[in-house]
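Written out below as structure tokens is the structure these notes cover.
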């Protein structure tokens, strides 16, 4: 790589920075570099930083044409010279590197979710067992007749629910009861009591919740919750 030419990627393509010196020599070094890096540079949109070089329309037009012959689009000229800047503008070239507006900057996605207090029990609750918790309760196993669950929040049973359950025991009417098979002896949500929902053609996941002051049960579809 020529010491007269530095190249780096920017938002709008490539930025090529040229060193000081006699323009014909610097220009020759630029195209020597382009030919050596043809596979990388060809087809690129280029911003050219010419530093203190003073370029007039004839020189800049020739430069743009030669770059085009190499498959390179010259989109902007950066310069410390007002003359060179005016020349670039007269040829329809930019004289600044565009920056994204603040509203266009990527904002980090907040993927932190606030959980709620709960307890997980991995066993079948047999007759005589009673489980209470002020938050949510999840049971991986069956809840047999004679077993009881009382939760301040919701109750999820990854198994057959055939015992007594009371969700939202402290008055939370948004609490619900889910089970792979919902057939409780008694089901209560907040202050409302429901009898065991009617059995369908076969066991299926169901959810029970309050709607218009009544406990209703329907197929368990978390997309609707």
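The table that follows gives values for the structure above.
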item: Strands (runs of 3 or more DSSP E) lying entirely in segment 98-170 (those with 1 or more residues that are modelled with pLDDT under 90); result: 118-121
item: Segment 65-79 - residue that is outside any strand (DSSP E or B) and in contact with a strand residue (DSSP E or B) (Cβ under 6 Å, 6 or more places away or on another chain) and, of those, nearest to residue 13 (Cα to Cα); result: 72
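The values are calculated or read from the model by the stated rules, or taken from the named source; none is laboratory data. No experiment lies behind these values; they were computed from the predicted model shown. Neighbour counts run over all protein chains shown; Cβ positions are idealised from the backbone, glycine included.
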